[in-house]
Amino acid sequence: MEIGSGSGQHAVYFSEQLSGLTWLPSEIAQQLAVLQANLDSHGRANIKAPLLLDLRDENWGTGLPGVDLIFSANTLHIISWAEVVSLFCCLETVLKPGGRLILYGPFRYNDNFTSDSNAEFDCWLKARDPDSGIRDFEQVSSLASEAGLTLECDISMPANNQLLVWKQG
């Protein structure tokens, strides 16, 4: 399951590369039509119909099927902190035992940006929306721990991003 699928580029790419994988995209109401249109033209049989999912609803996970993995790329710095908290609050409901959460994007460590460009990006994000911004790894990791997840890896990626993987249980 992908949270914040945007245009569907990850769904299309990963479903092509991993044909045995079933991808469940999701998006907020304002973006769902764009996602659906892109999937209609580029989709594959192993991509399910996208879900309407809004993290502003604190019960977003109610009624969803259990999944083995939740993936979200470049979303935590765009959404509000309340939505970040909401994401973690429903993980125990949505993730199957032993499931994983994979997050990709920029993070701060020990109140420090990993690059000057990330500091500039954070200023731009906050000027656009004061509730957004690059998140502190320690705060996000604390939410994961409270949700029963254990950090498996933290990998530095190109363009000053990180790939974070947590496992449930």
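The values are calculated or read from the model by the stated rules, or taken from the named source; none is laboratory data. Please read all numbers here as calculations on a predicted model, not as lab measurements. Here the Cβ positions follow ideal geometry from the backbone for every residue, glycine too, while neighbour counts run over all protein chains shown. Heads up: the accessible areas ignore ligands, DNA and RNA and are worked out on the full protein's heavy atoms, side chains in. Shrake-Rupley method; radii C 1.70, N 1.55, O 1.52, S 1.80 Å.
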> So between residue 28 and residue 68, what do we pick up on full extension, going 0.36 nm a residue minus the alpha carbon distance?
Replying inline: 12.2 nm
> By accessible area of protein heavy atoms, probe 1.4 Å, what ranking do 42, 10, 77 get, highest first?
Replying inline: 42, 10, 77
> In segment 1-155, with Lys and Arg counted as +1 and Asp and Glu as -1 at Cβ, which of these residues, 94, 130, 74, has the Cα nearest the positive end of the dipole, that is, farthest along it?
Replying inline: 94
>> Given a 1.4 Å probe and heavy atoms of the protein chains only, how would you sort 108, 56, 128, largest accessible area at the top?
In response: 56, 128, 108
> How much accessible surface does residue 116 have with a 1.4 Å probe, in Å² rounded to 10?
Replying inline: 120 Å²
>> Only four residue types carry charge here, +1 at the Cβ of Lys and Arg and -1 at the Cβ of Asp and Glu. Report the dipole size of segment 25-75 about the Cα centre in Debye, rounded to the nearest 20.
In response: 160 debye
> Quick one: what does P(r) look like for segment 7-74 with 5 Å bins over all Cα pairs, in whole %?
Replying inline: 3, 16, 28, 26, 18, 7, 1
>> Cross-link candidates for residue 167: which lysines have Cα within less than 27 Å, leaving aside residues fewer than 8 places away along the same chain?
In response: 48, 96
> In the chain, what % of DSSP beta bridges are antiparallel (nearest 5)?
Replying inline: 55 percent
> If you find the alpha carbon centre of segment 46-90 and of segment 7-37, how far apart are they in angstrom?
Replying inline: 14 Å
>> Just to compare against my own numbers: the Cα pair-distance distribution for segment 86-125, 10 Å bins, whole % per bin, please.
In response: 23, 34, 27, 16
> Where only protein heavy atoms count, and the probe is 1.4 Å, what is the accessible area per residue for the chain in Å²?
Replying inline: 51 Å²
>> Can you compute the helix-only [θ] at 222 nm over the chain? Use -39500 (n - 2.57) per DSSP H run of at least 4 residues, normalise by all residues, nearest 500 deg cm²/dmol.
In response: -10000 deg cm²/dmol
>> How big is the chain along each principal axis, measuring the range of its Cα positions in Å and listing the largest first?
In response: 43, 34, 30
